[in-house]
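Comments concern the structure below.
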Amino acid sequence: MSGLAAVVLNDDRPSYMSRSLSDISSRLKRRGPHGHGKQIVGRVGLAHFRLDDGSIDIDPTGPWCLRPGGPILTGDLAIVNAAALCQATGVRKHTQATAILSAYDRWGIDAVERLEGEFAFVLWDPAKHLLLVVRDRFGVRPLAYRQTTDALFVASDFAALAEAGDTPSTEWIAAYLSGQEYDETLSPLRGIRRLAAGHMLVRQGTEEITIRRWWSLEPIDTAPSAGTDALAEALQSAVDLRMPTGAATFLSGGLDSSSLTCLAARSRSDPVHAYSMRYPAMAEMDEGEFINIIRELPNIESHDIFPQNGLALSNPAQMLAEQGAPVQAINLATMRQALEHIQGDGVRVIIDGHGGDEIIGHGLWHFETLARAGKWRSLFHLMRAYSAFTGGASAPTRMGAYMKAYGNRAFRVAGRLLSNEQLDDPFEWRDIVDRDLTRDTDLVARVRSSHAELHSNLPASMRAHAALIVHPGTATGFEVLDRTAASCGLVQRFPFYDRHVVGLCLGQPGHAKIAGGQSRALLRNAMQGILPDPLRLRPDKTDFADEVALAFRSDSTGQIAKLRNGLPEHLEGYVDPDGLARALEMLDDADQSRRSTSMLRLWRILWVDHWLRARETAGGVQITAIPCDGA
């Protein structure tokens, strides 16, 4: 977590340049606890905000250049192949900025494809009058821009680009309320765009900007017999490359965090500091049984965090100040407590298992693949193995739902006899969105279109998994985590989003991802001999919804009670009153799944209300992030 800002003017106005760059920079200083720097060259101004994460190849405060008059760079960088690039280009100083600049000298724009790791950067080449704005493959590092008749503005956070008089984006609000992001370039404010993951913005001279995709998902074709060892090696490398001296790991007790902690412990001479959240007052959520299995292994030093429970709806002003928009993650208050604790111990980098579910893939879509192909015998045997592994619904019950959905007439009749279970309603997500807003934003058509176009370049057998790995919400999730970590002076790193790990998992056939009826079979098999079997073969994972439910049940701030009194005025035109009433009714439902759905919907409703009211109070000026205590 470092930060960047850039201003590119269309004409010479030194005072406007200085003022604009200073205004944006003032909102990003929390991202640079270890230094701020800027450089103005004619009509281009670049700023850098540095956090020293302990990496041996980290640069001093930027912006950076290799030679006077040469290309200038600012960025938020975690280039894991920096040394190799520097060696290939013949430069002595092996740093991340040097790697990018020297690679650009050698290969031009094509150098971007050679970068490995996570990054967001702006590069200005004065000789060619060329501006490059680049975001990494999965959008781990945030980047946004604003174009006006006077200038182009770029920053690490969309909120840093806000101006008085900005209006909320109705398209973004509709997508947020529905929980169905269809366009990752939308921001909460009109006029500000997010640069999509795997894309670059290019401006040559005074020409209009162009946006180019520079990377798409690339499956790695490996035979299933070799895939296990290849994945274990790739994950080990991904952890090693992202874990500088002094880094720690999150250890939740689940399959993903436990695997990363074990891999970290295998390759380090010093003990790995593993942080775990514990819930002694909520035994159903405490993962101590599985956390202790990992703690008994060599070279792991454990640390407990005891977060205060039931704070999901607390401190809306602070959370809005950090996020600058309606809050996306329903458990963010608990995560923030953990990050504050870890930062207080002097840790700057934390290895996080976020994305493991998506990258490894549960493999359950293979049921549908078999059903569509009419391979009912294979489907039944796989479902029976899966039911035995999970202890869940019987194979005939599960089979019935697929027979009704994909079978011929006789199979549909048999399916109705076997099961009352239905597949999910594909449009249930729009329930709380105002009907006029749904129509005006063309919400349903846009969601349908984004789903249809997503990963159409890949074989049909890979598209379901690809949709889990990369979708418009992937980068949003990273941005939410980044803003919270930035406010605490921390960097979170995500080894599961290493390009090679992703390619290996995507390239495996569907049957390998649920081999033997075991969901997430790729990781379970890769961790054989590394992760103890009681955890490696664990069929379930703890649902932390009870911690969030505590906040909704207690309603200590009266927010739910307010919604029961009717639709708040700021939400008129955004939220459907009948949808709100249904969500409140579901909150009291005996079915846990319906209660969880209700909490997610009410959460979104509450945060849109908080945000709109806060903007009105501030006169339309975007709220900017604040640091944690001590950050």
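In the set (1) crowded, with 20+ Cβ neighbours inside 10 Å; (2) at pLDDT below 95, residue 194 fails one condition alone, (2).
Taking (1) of a type in the set (Gly, Ala, Ser); (2) under 30 Å from residue 536 (Cβ atoms); (3) at pLDDT below 80 in turn, residue 419 satisfies each apart from (2).
What about residue 542, is it part of a helix (DSSP H, G or I), of a type in the set (S, T, N, Q) and either open to solvent by 20 Å² or more (accessible area, probe 1.4 Å) or farther than 23 Å from residue 308 by Cα (or both)? No, not satisfied. Whenever a residue of segment 207-221 is closer than 14 Å to residue 132 by Cβ and aliphatic (A, V, I, L, M), its partners that are in a loop (DSSP other than H, G, I, E, B) and open to solvent by less than 30 Å² (accessible area, probe 1.4 Å), lying with C-beta atoms within less than 9 angstrom and at least six residues away or across chains, give the pairs 211/195; 211/196. Where strands (runs of 3 or more DSSP E) fall wholly inside segment 63-147, the ranges with 2 or more residues that are buried (at least 23 other Cβ atoms within 10 Å of the Cβ) and in contact (Cβ under 8 Å) with a residue 60 or more places away in the chain are 72-79, 117-125, 130-135. Residues of segment 520-537 that are closer than 27 Å to residue 462 by Cβ and crowded, with 18+ Cβ neighbours inside 10 Å: 520, 521, 522, 523, 524, 525, 526, 527, 531, 536. Checked against the criteria, residue 164 counts as outside any strand (DSSP E or B), among the hydrophobic types (A, V, I, L, M, F, W, C) and open to solvent by 50 Å² or more (accessible area, probe 1.4 Å). Cβ-Cβ distances below 9 Å connect the following pairs, each with a first residue in segment 307-319 that is under 18 Å from residue 612 (Cβ atoms), a second residue that is in a loop (DSSP other than H, G, I, E, B), and a separation of six or more residues or different chains: 313/555; 313/556; 313/557; 316/327; 316/557; 317/623; 318/626; 319/327.
Quick grid of which residues meet (1) over 28 Å from the mean Cα position of the chain (by Cα); (2) of a type in the set (A, V, I, L, M, F, W, C); (3) surrounded by 15 or more Cβ atoms within 10 Å (Cβ to Cβ):
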| residue | (1), (2), (3) |
| --- | --- |
| 552 | no, yes, yes |
| 566 | yes, no, no |
| 574 | no, no, yes |
| 595 | no, no, yes |
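Which ones in segment 18-42 are surrounded by fewer than 19 Cβ atoms within 10 Å (Cβ to Cβ), farther than 18 Å from residue 348 by Cβ, in contact (Cβ under 8 Å) with a residue 12 or more places away in the chain and not hydroxyl-bearing (Ser, Thr, Tyr)? Scanning segment 18-42 gives 37, 39, 40, 41, 42.
Let's see how each residue does on (1) touching an Asp or Glu at 6+ places or on another chain (Cβ under 7 Å); (2) modelled with pLDDT of 95 or more; (3) under 28 Å from residue 335 (Cα atoms):
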residue	(1), (2), (3)
171	no, yes, no
202	no, yes, no
208	no, no, no
223	no, no, no
248	no, yes, yes
255	no, yes, yes
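Going through 487, 456, 461 one at a time, which residue ends up being open to solvent by 10 Å² or more (accessible area, probe 1.4 Å), farther than 20 Å from residue 196 by Cα and of a type outside the set (A, V, I, L, M)? Matching residue, one of 487, 456, 461: 461. Restricting attention to segment 300-323, the residues that are among the hydrophobic types (A, V, I, L, M, F, W, C), outside any loop (DSSP other than H, G, I, E, B) and within 25 Å of residue 558 (Cα to Cα) total 4.
Residue 467 - would you say it is closer than 21 Å to residue 194 by Cβ, assigned to a helix (DSSP H, G or I), small (Gly, Ala, Ser) and open to solvent by 30 Å² or more (accessible area, probe 1.4 Å)? Taking the combined requirement at face value, the residue satisfies it.
Residues that are outside any loop (DSSP other than H, G, I, E, B), closer than 22 Å to residue 496 by Cβ and out of contact with any Ser or Thr (no Cβ under 9 Å at 6 or more places or on another chain) occur at least once in segment 267-284. Taking the criterion of being in contact (Cβ under 8 Å) with a residue 40 or more places away in the chain, polar (S, T, N, Q) and either open to solvent by 10 Å² or more (accessible area, probe 1.4 Å) or assigned to a loop (DSSP other than H, G, I, E, B) (or both), the residues of segment 236-256 that qualify are 237, 245, 252. If we scan segment 485-495, do we find a residue that is closer than 23 Å to residue 540 by Cα, of a type outside the set (A, V, I, L, M, F, W, C) and at pLDDT 95 or above? Taking every residue of segment 485-495 in turn, at least one turns out to be closer than 23 Å to residue 540 by Cα, of a type outside the set (A, V, I, L, M, F, W, C) and at pLDDT 95 or above.
Each residue in segment 196-235 was checked for being in a loop (DSSP other than H, G, I, E, B) and more than 25 Å from the chain's Cα centre (by Cα), and 8 pass.
Counting the residues of segment 324-334 that are surrounded by fewer than 19 Cβ atoms within 10 Å (Cβ to Cβ) and either of a type in the set (S, T, N, Q) or in a strand (DSSP E or B) (or both) gives 1. Scanning segment 358-406 for residues that are surrounded by 20 or more Cβ atoms within 10 Å (Cβ to Cβ), within 14 Å of residue 518 (Cβ to Cβ) and among the β-branched types (Val, Ile, Thr) yields a single hit, 360. The combined condition, being in a loop (DSSP other than H, G, I, E, B) and modelled with pLDDT of 95 or more, is fulfilled by residue 297. Anything in segment 173-183 that is surrounded by 19 or more Cβ atoms within 10 Å (Cβ to Cβ) and either modelled with pLDDT of 95 or more or of a type outside the set (D, E, K, R) (or both)? List them, or say none. Passing the criteria: 173, 174, 175, 176, 177, 178, 180, 182. Residue 271 meets the stated requirement of being in contact with a strand residue (DSSP E or B) (Cβ under 8 Å, 6 or more places away or on another chain), more than 26 Å from residue 519 (Cα to Cα) and open to solvent by 20 Å² or more (accessible area, probe 1.4 Å). Of all residues in segment 279-323, those satisfying the criterion of being open to solvent by 50 Å² or more (accessible area, probe 1.4 Å), charged (D, E, K, R) and in contact with a strand residue (DSSP E or B) (Cβ under 9 Å, 6 or more places away or on another chain) are 301, 304. Counting only residues that are more than 25 Å from the chain's Cα centre (by Cα) and open to solvent by less than 10 Å² (accessible area, probe 1.4 Å), segment 48-62 holds 1 of them.
The values are calculated or read from the model by the stated rules, or taken from the named source; none is laboratory data. These figures come from a predicted structure and were not determined experimentally. Glycine gets a Cβ as well: all are built from the backbone with ideal geometry, and neighbour counts include every protein chain shown. These accessible areas exclude ligands, DNA and RNA; they are computed on the full protein's heavy atoms, side chains included. Shrake-Rupley method; radii C 1.70, N 1.55, O 1.52, S 1.80 Å.
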